[in-house]
Structures are given as C-alpha cells and as structure tokens.
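Colleague: Dumping the structure here so I can ask a few things about it.
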Amino acid sequence: MPSYSILVSAEIFILILLIVTAVGFDFTNGFHDTGNAMATSIATGALKPKAAVAVSAVLNLVGGFLSVEVAITVTTSVLKIQKKSGGLVAGLSPEKAMFIIFAGLIGGILWNLVTWLFGLPSSSSHALFGGLIGSGLAAIGTSGINWNGLVVKVIIPAVLSPFIAGAIAAIGTFLVYATTKRSRKSAKDRGFRWGQVATASLVSLAHGTGDAQKTMGVIALALIAHGSLSDKSIKADGLPVWIIVLCAGAIALGTYIGGWRIIRTLGKGLVEIEAPQGMAAEASSAAIILTSSSLGMALSTTHVATGSIMGSGLGKPGAKVRWAVAGRMAAGWIITLPCAAIVGALSYFVGHLVGGAAGAGLIFVILVGLAAFIYLRAQKQKVDAANVNAAWDDSTNSVAPSERPEATRVA
C-alpha cells in the first residue's frame, strides 16, 4: 500500500508539472506567433504596435473556444500511446506515457525560445510535434509514432501551405494593384489599412482556433494517459471547459506580451510592405488557416503567414524581396522538427535516468534555467514596440535594429 501511494503521488506530480509546462508552451506559442497576424498591420501603420497585440490577444482568446477538431488530431495523430479499444498500449505505464509528453513539451518550448531570440518565425506547431516525436522515439521506438497521421495531418500541409498561401497572396496583390492603379495613393492606403485591421483580426481569430487547440490536445492526451479522460468522451462531449479556458487564456496572454523580434522580421525583414499587400497577405492567411482548422489539420500558421507575405512581395510590381532573410527562415523550418525532436529525446533520457518525480523535477528546473538565460540574452539587443518598425539593416539582416541613426529611424 505505501508503494502504491508513492506511485500515485509521483504520477500526480508529473501530471501537474506537465500541465504547467503545457501552459508555458501555449504562452510561448502566443508571443512567438503574434507576428503571423499583426506584423504587416504594424509595419504599414494600420495599427499601433500595442493596439495590434491587444486586438490579437482578445481574438486569440475567442478563437480558442470555437473548435476542438485540431485538439482531437493532436491526441491521435502524433503519438501511439493508446489502444483503439481503450487504455494504454502494452508495456506503457501512465507515468511513462506522461513523461513522454512532458519531455516533448520541453523540446517545443526551448526551440520556440531559441528561434524567438534570433527572430526566426519558425513553426510552434512543428516544434511541439518534433519534441513529442523525439521523446516518443526515445521511450518507445518507431512503433510509438503514428507515421500515417503525421504525414497526412502535419508533413504534407507543412510542405504545401507556404506555396499555396504565397500563390493566393501573389494573385490577390497583383489584382489589387491592377484594379486600383488610377486611385490616389493616400486614399488607397487609407482604405486598405482599414481592410488590414479586419483581415489581421480574422487571422488572429483563426490562430486561436488552430494553435490554442494544440495545447488543449496535449493536456487531453496527458489526462488520457493518466486515466482521467478518454478519447471517446472527448469526441462525444468535447474537452473539459477548464482546459479550454486555461489554454485560450495562456495563448492570449502570450500574444499580448508581443513577440516583437519575430514581428520585426515578418513586418520589415522579408518585404517593405504596403497596405494593399498587407491586406492581401492577411486575407490569404485567414482563409487557409480557418479551412485547415475546420478539417482538423494541425497546420503551421507561421508557414502560411510567411508564405502569404512572400507572395505579396512577388505580386507587387517592382517590390523587393529579401531572399537572404527568406533563406534563413526556410532553413529554420527544415531543422525545426529534428532539432525539437533531439531536445525532446534528451529531455526524456535525462529525466528517465533519474526517474520518477525527481527526474521530472530535474528537467523542469533545467527548462526554467535555460529559458531565463535566453530571455536575459535577448535583453542585450532588445526589440519592443518602440523600435519594432526601425529600418531594416540589409548589411547584417539582423532582427535587432542597428545603432546607426539611419537604421534606427522608425517608419
């Protein structure tokens, strides 16, 4: 009886740490992805920086309550820890299953923070999935991954979405400029800035329907592993309300904090964007994200938004696209899954080596320490609402504004 009590206590401790870490991931997802919706509106002056992140935060919160399709995808399409008939797969204890999810979350958070530091708009979704894949492989092997679901629901959309979004945005931008070429520039910009406010708001709402659901799905998966929830009850009755409130609130708070480094890269680094381009890009992003969420596809909003912004540059005659910045982003996309997987696997090995509640506590402390280090490092070259629109330094392609007067001028 005493050993059983200790086991239950260890499971509950790991579950609590897992939920806290999942909320932390959701928070990083919020500030990491704010730029997907608001970067172009901030860059063109359609919205003031602080107002933009406030609007985005509220709409992310609302979006989190609108759907559970993506959450269900996360519980079934990445890890194979549950049998179709119910219960965990053979040889997998609740503690081990939760440890896998916990370690995967650490991989996702650390990759989000590293890419935020460098201003790289990589996919928070792929960071999460990469972490889960790495910890799953470390704990179970290849049989622990739902390869079919991963390819259909994650990999194929990841490859196709930037190109589809880019093509739609390019066509939309070309048509916008073609049909308004006789309009006065001042009147045209004013009208399209109002359009940007509407389309950027729609992207924020769409982001909430997709990305908030991913963390909800992770917490639900942990509760399934613990035995407190079943996938059948989720499909029949939806997620428990407290999970929705917790995750929607966390992603909204992260959004309001404002991931200024990534907002700067998307708004100033890729293309010197104008209001008509911004509206075309955001409309393209919103349409694709909302469609994918309704189909349960765990699409990367970062890939969609970046593809749309690139497309808006290609669709405007004479626009300049900074291919060096685009290349750096593409490289980040390619390595996101494997890098997050490596961190997830290492987290599992370190925690499993110590074992139990002590192992979970150790890797949590390591996570907090590394997160604090990355945050302090970012403060040495701070990007915030005051300098997010400073002129881009083409000589360095750096997210942090140069100290040269001509490069710190706010647009």
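Colleague: Tell me the mean residue ellipticity at 222 nm calculated for the chain from its helices only (DSSP H runs of n ≥ 4, each -39500 (n - 2.57), averaged over every residue, nearest 500).
Modeller: Working: 15 runs with 296 residues, N = 411.
After summing the helix terms and dividing by the residues of the chain, the value is -24500 deg cm²/dmol.
Colleague: How do THR306, THR73, THR179 line up, fewest other C-beta atoms within 10 Å first? Mind dumping the intermediate values first?
Modeller: Working: THR306 30, THR73 22, THR179 10.
Lowest to highest Cβ neighbour count: THR179, THR73, THR306.
Colleague: Quote to one decimal, in nm, the extra length available between SER9 and ALA198 on full extension: 0.36 nm per residue of separation minus the C-alpha distance between them. Show your work: numbers first, answer last.
Modeller: Numbers: separation 189, 0.36 × 189 = 68.04 nm, distance 4.91 nm.
That pair, SER9 and ALA198, stretches by 63.1 nm at full extension.
Colleague: Give the peptides 361-367, 278-284 in descending order of average Cβ contacts within 10 Å, highest first. Write down the numbers at each step before the final one.
Modeller: Details: 361-367: 17.4, 278-284: 30.3.
Peptide ranking by packing, descending: 278-284, 361-367.
Colleague: How far is helix 323-354 tilted, in degrees, relative to the longest principal axis of the Cα atoms in the chain, given as a value from 0 to 90 rounded to the nearest 10?
Modeller: 20
Colleague: Here is a further query. Which residues' amide hydrogens lie under 5 Å from the amide hydrogen of ILE145, considering only partners 5 or more residues apart or on another chain, with H built in the peptide plane?
Modeller: For ILE145, whose amide H was placed from the backbone, the distant partners under 5 Å are LYS80.
Colleague: Then there's this: How long are the three semi-axes of the equivalent ellipsoid of the chain, in whole Å, if each is the root of 5 times an eigenvalue of the C-alpha gyration tensor, listed from largest down? Show your work: numbers first, answer last.
Modeller: Values: eigenvalues 299, 95, 60 Å².
Three semi-axes, in Å: 39, 22, 17.
Colleague: Moving on. Quick one: which of 132-143, 195-206 comes out on top by average Cβ neighbours within 10 Å, and what's the full order, highest first?
Modeller: Working: 132-143: 21.2, 195-206: 24.1.
Final packing ranking: 195-206, 132-143.
Colleague: Further question on the same structure: Evaluate the relative contact order of the chain (contact order divided by residue number), counting alpha-carbon pairs under 8 angstrom at least 6 apart; express in whole percent.
Modeller: On the way: 790 pairs, mean separation 134.3, N = 411.
Contact order relative to length: 33 percent.
Colleague: Separate question: Can you tell me the relative contact order of segment 228-377? Whole percent, Cα pairs under 8 Å, sequence separation 6 or more.
Modeller: Details: 65 pairs, mean separation 27.9, N = 150.
So the answer I get is 19 percent.
Colleague: If each residue's Cβ is checked for other Cβ atoms within 10 Å, how do HIS352, HIS32 rank with the fewest at the top? Intermediate values should be presented prior to the final figure.
Modeller: Values: HIS352 19, HIS32 29.
If I rank by nearby Cβ atoms, fewest first, I get HIS352, HIS32.
Colleague: Using Cα centres only, tell me the gap between segment 198-218 and segment 14-90 in whole Å.
Modeller: A separation of 7 Å, based on Cα centres.
Colleague: By how many degrees, 0 to 90 and rounded to 10, does the Cα axis of helix 124-139 deviate from the longest principal axis of the chain?
Modeller: Long axis of 124-139 versus the principal axis of the chain: about 30 degrees.
Colleague: Order of 151-163, 245-257 by packing, highest average Cβ count within 10 Å first? The partial results should precede the final answer.
Modeller: Working: 151-163: 17.8, 245-257: 22.8.
So the order, starting with the most tightly packed, is 245-257, 151-163.
Read the figures in this text as sums done on the coordinates, not as results from a lab. These numbers were taken from a predicted model, which means no experiment stands behind them. Cβ: placed from backbone, ideal geometry, glycine included. Neighbour counts: every protein chain shown.
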